[in-house]
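Participant: Mind having a look at this structure? Questions to follow.
The values are calculated or read from the model by the stated rules, or taken from the named source; none is laboratory data. Note that the structure is a prediction, hence the values are computed from the model and not measured. Glycine also receives a Cβ, built like all others from the backbone with ideal geometry; neighbour counts cover every protein chain displayed.
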Amino acid sequence: MIRSTCLFLFISAASFLPAADFRDIPTEPNVGDVMLDEYFERETRRVSQRSAALLENAEDWSRQKSILRRQLFEMLGLQPLPARSDLKAKVTGTIERDGIVVENIQFQSRPGLYVTANFYRPAEQEGPLPTILYVCGHGRVKIDGVSYGNKTHYQHHGTWFAKNGYTCLTIDTLQLGEIEGEHHGTHNLGKWWWNARGYTPAGVEAWNCIRALDYLESREEVDKDKFGVTGRSGGGAYTYWVSALDDRVKVCAPVAGITSMQNHVVDGCIEGHCDCMFMVNTYRWDFPLLASLIAPRPMLILNTDKDRIFPLDGVVDVYEKTRGVYEKLDALDHIGLSMYEGPHKDTQPLRVAAFHWFDRFLKDASIDDELEKTTAPKIFEPQELKVLASTPENERNTFIDDYFTRRVPRTQKLPDSKSDWASEIALIKNRLESRCFRGWPGGNEPLDISEDYRTELDGVAFSRFTFDSQTGVRLPLYLAAPAKTPLSDLDLVVLNVLDEQTWQDFLTSPGAAFPEAFPGMELPELDEEAFEAEKGMHTSMKWGMLYLPPRGIGPTAWTTDEKESTHIRRRFALLGQTIDGMRVWDIRRAIQSLRKLDGGDEPKLWIQSSGIMGGNALYAALYEPDIHRIDLHNPPTTHREGPTYLNVLRFTDIPQIAAIVGGDSQLRFYTGKPKEWDYLTKFSEKFEWPEKQLQLRDPVE
């Protein structure tokens with residue numbers, strides 16, 4: 001039977017404030033900024049519509065839920081699940097006050113990954129009690145350089161539960177615990193390899209919560225069939241993670257934990273959040289999918305109406321779409337929304353609604369029952385709640401990012417045979433397409449290539465083409481070739497894939513010699529010597545030089561503000577993409593555009609690039625056939641350096657990709673690190689590549 005929804009709304013007339021606009025930047029938006037804003041709006045809409053369509057199919061929820069849960073485990077870096085190793089739990093201290101007992105507890109969720117916690121229980125109890133796992137938000141408590149853990153900041157929650165017939169375990173987070181790890185790898189520490197490793201601290205927090213439930217099951221004071229979870233801000237997000245993953249959670253009340261993709265990407269709320277708030281979004285979810293995994297178990301979503309990092313419109317969007325799933329499951333009485341006036345803050349009215357929710361579903365209270373006690377004072381000093389006397393020598397909290405998710409070995413094993421290698425190639429390509437490049441456009445979008453400019457000067461023909469890499473992303477291609485020579489008569493076309501530095505080099509020559517090809521751009525002074533060399537090449541050889549600035553480079557460059565550039569990269573990742581991954585797509589589309597031109601499929605094609613962009617060019621060659629030769633200057637040797645693709649280091653690394661591409665294309669790598677290409681050189685020797693197939697050369701000065 002469907003009963004009326006438990007919808008608690010305490011909203012003032014001024015409630016519906018717009019989301020905080022975090023997109024303010026210190027420069028005027030240019031063409032690239034406008035293109036990027038429109039791109040994010042389109043991609044966000046695509047992700048949200050796909051997620052909504054999945055939720056519409058909730059009639060087959062049991063099967064759907066199983067698939068989505070497996071995806072969530074994977075996106076949190078928990079696939080395969082870590083071993084449930086010995087927790088090695090210890091009580092390091094006990095204090096009794098005002099009718100409650102607090103035990104200071106440590107356990108290891110994985111060997112060396114310490115969780116510090118406080119276990120609150122009534123001083124006197126008869127039999128096991130309903131139990132709350134309280135997961136903390138970002139409330140730092142640090143005195144004289146000593147971290148006491150955010151569990152001490154949120155101690156009043158544990159106190160209330162213990163005074164009202166519950167036991168409660170409050171656990172520290174990775175970042176703000178007694179051993180301080182990191183939540184801000186991509187936010188402000190430049191650790192983009194987290195994306196490549198498929199690592200997010202959200203996975204650590206989710207795993208710590210799962211192991212906390214394991215610990216609670218060992219306690220005789222705990223009713224193992226009556227687990228509830230709550231927490232606010234970061235703790236609200238972790239409430240969603242563990243409740244979605246673990247059916248032992250019977251009731252949950254996330255406070256200010258998630259909002260919509262629209263809020264994060266388009267409105268810019270992502271800038272107010274660290275990495276612990278997000279999965280590695282391989283499968284391109286919007287957040288209602290996460291919340292819906294909790295259905296049909298009781299869930300109360302709580303928020304304040306003026307929260308600028310969890311805006312009201314996004315929270316309501318998550319609620320309404322999740323509510324639809326509960327409705328299809330005939331469980332409308334198991335979902336509620338509680339709002340109160342105020343900013344992003346831990347307020348008593350929010351706590352009271354959560355307390356009442358747990359009483360209803362863990363203690364069989366009626367919706368009409370009133371709470372006798374609603375105050376929750378802090379009665380302990382932080383020093384009383386500290387667990388560790390010193391940092392354990394075997395701790396891994398401070399570098400958990402380097403081992404939490406699996407990665408391919410740094411020294412990879414050569415295949416035993418050509419047939420084994422063929423199977424390995426097929427597996428790698430499948431994983432790349434399904435786990436790394438899932439954000440590439442589907443279908444066959446038209447290239448719509450056009451020649452917008454052409455002229456001849458001193459024996460050089462110069463053209464500017466434009467093409468659609470995908471809807472709304474129109475990019476230029478510049479071609480310099482011998483005058484009066486059709487493409488079909490050229491012996492060779494070299495596709496130069498440009499980064500910021502080589503774009504500037506290109507503008508000095510040959511670009512500045514053809515200013516009309518760059519409307520609205522301020523060009524540098526022409527490098528006469530370089531242009532003479534260019535003219536000499538084109539008069540003596542039938543070579544065409546094709547130049548591609550992928551998205552974000554040259555005419556489509558976006559802001560160079562460091563903070564904004566960081567959060568642009570984070571937006572791509574939250575949409576299940578990376579900038580580098582989409583630039584691989586741009587290179588592929590440029591190759592396809594060349595071959596669509598009259599006679600463009602007849603000359604041999606070389607690719608030339610440098611640095612991180614060279615890595616992108618190598619991956620493009622993995623997917624586009626008939627690349628005769630690839631010249632890369634100072635290419636990276638591992639994805640730890642870049643380019644960054646989601647999850648890629650779980651499956652492969654750059655030398656292995658070079659070995660695949662080198663089976664069809666000649667490779668010329670100009671590198672000062674020949675030893676780091678040992679896998680590739682040994683591979684070429686084992687499979688008897690011709691001498692011209694691979695050459696490692698000294699860098700060009």
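Participant: Quick one: which helices (runs of 4 or more DSSP H) lie wholly within segment 584-701 and hold at least 1 residues that are more than 26 Å from the chain's Cα centre (by Cα) and within 24 Å of Cys436 (Cβ to Cβ)?
Facilitator: Once the helices (runs of 4 or more DSSP H) in segment 584-701 are filtered for at least 1 residues that are more than 26 Å from the chain's Cα centre (by Cα) and within 24 Å of Cys436 (Cβ to Cβ), what remains is 654-661, 678-686.
Participant: If you check every pair at least six apart or on different chains, which have Cβ atoms under 7 Å apart with a residue in segment 515-526 that is at pLDDT 95 or above first and a residue that is of a type in the set (Phe, Trp, Tyr) second?
Facilitator: Hits for this filter: Glu516/Tyr453; Ala517/Tyr453; Ala517/Phe462; Ala517/Tyr478.
Participant: Would you mention how many residues in segment 345-373 are outside any loop (DSSP other than H, G, I, E, B), touching a strand residue (DSSP E or B) at 6+ places or on another chain (Cβ under 7 Å) and either within 18 Å of Val251 (Cα to Cα) or among the acidic types (Asp, Glu) (or both)?
Facilitator: Result for segment 345-373: 7.
Participant: Kindly check whether there is at least one residue in segment 97-104 that is assigned to a helix (DSSP H, G or I), of a type in the set (Val, Ile, Thr), modelled with pLDDT of 95 or more and farther than 28 Å from Phe404 by Cβ.
Facilitator: Checking segment 97-104: not a single residue is assigned to a helix (DSSP H, G or I), of a type in the set (Val, Ile, Thr), modelled with pLDDT of 95 or more and farther than 28 Å from Phe404 by Cβ.
Condition check ((1) among the small types (Gly, Ala, Ser); (2) under 16 Å from the mean Cα position of the chain (by Cα)) across all residues:
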| residue | (1), (2) |
| --- | --- |
| Ala253 | yes, no |
| Glu271 | no, yes |
| Met277 | no, yes |
| Pro288 | no, no |
| Asn303 | no, no |
| Val316 | no, no |
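Participant: OK, next. Take the residues in segment 542-577 that are small (Gly, Ala, Ser) and within 27 Å of Thr282 (Cα to Cα); name whichever of them is surrounded by the fewest Cβ atoms within 10 Å (Cβ to Cβ).
Facilitator: That would be Ser565.
Participant: Assuming Pro288 fulfils every condition listed in (1) under 25 Å from Asn647 (Cβ atoms); (2) without any contact (Cβ under 8 Å) to a residue 24 or more places away in the chain; (3) not β-branched (Val, Ile, Thr) apart from one, which condition is it?
Facilitator: (2)
Participant: Which residues, counting only those in segment 430-450, are more than 21 Å from the chain's Cα centre (by Cα) and touching a residue at least 60 places away in the same chain (Cβ under 8 Å)?
Facilitator: Residues satisfying the conditions are Leu447, Ile449.
Participant: I need the full set of residues from segment 93-117 which are in contact with a Lys or Arg (Cβ under 6 Å, 6 or more places away or on another chain) and closer than 22 Å to His183 by Cα, in order please.
Facilitator: Across segment 93-117, the qualifying residues are Gln106, Gln108, Ser109, Gly112, Leu113.
Participant: Something else about it: In segment 643-659, is there at least one residue being closer than 21 Å to Lys429 by Cα, without any contact (Cβ under 8 Å) to a residue 60 or more places away in the chain and touching a strand residue (DSSP E or B) at 6+ places or on another chain (Cβ under 8 Å)?
Facilitator: Among the residues of segment 643-659, at least one is closer than 21 Å to Lys429 by Cα, without any contact (Cβ under 8 Å) to a residue 60 or more places away in the chain and touching a strand residue (DSSP E or B) at 6+ places or on another chain (Cβ under 8 Å), which makes the answer yes.
Condition check ((1) polar (S, T, N, Q); (2) surrounded by fewer than 22 Cβ atoms within 10 Å (Cβ to Cβ)) across all residues:
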{"site": "Tyr114", "(1), (2)": "no, no"}
{"site": "Val141", "(1), (2)": "no, yes"}
{"site": "Gln155", "(1), (2)": "yes, no"}
{"site": "Gly198", "(1), (2)": "no, no"}
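Participant: Condition first: part of a helix (DSSP H, G or I) and not assigned by TED's automatic domain parsing to the domain that holds Ile579. Can you find one or more residues in segment 436-459 that meet it?
Facilitator: yes
Participant: Name the residue, out of Leu129, Leu87, that is over 28 Å from Phe355 (Cα atoms) and over 28 Å from the mean Cα position of the chain (by Cα).
Facilitator: Leu87
Participant: Applying the selection to segment 282-328, what residues are of a type in the set (A, V, I, L, M, F, W, C), part of a helix (DSSP H, G or I) and surrounded by fewer than 23 Cβ atoms within 10 Å (Cβ to Cβ)?
Facilitator: Within segment 282-328, Leu312, Val316 qualify.
Participant: Can you confirm whether segment 320-331 contains a residue that is under 25 Å from Phe572 (Cβ atoms) and either among the aliphatic types (A, V, I, L, M) or assigned by TED's automatic domain parsing to the domain that holds Asn188 (or both)?
Facilitator: For segment 320-331, residues under 25 Å from Phe572 (Cβ atoms) and either among the aliphatic types (A, V, I, L, M) or assigned by TED's automatic domain parsing to the domain that holds Asn188 (or both): present.
Participant: Does segment 476-498 contain any residue that is more than 20 Å from Arg588 (Cβ to Cβ), assigned to a loop (DSSP other than H, G, I, E, B) and under 42 Å from the mean Cα position of the chain (by Cα)?
Facilitator: Within segment 476-498, not a single residue is more than 20 Å from Arg588 (Cβ to Cβ), assigned to a loop (DSSP other than H, G, I, E, B) and under 42 Å from the mean Cα position of the chain (by Cα).
Participant: Filtering segment 162-194 down to residues that are hydroxyl-bearing (Ser, Thr, Tyr) and touching a residue at least 60 places away in the same chain (Cβ under 8 Å), which residue is farthest from Cys252 (Cα to Cα)?
Facilitator: Residue satisfying both the conditions and the ranking: Thr186.
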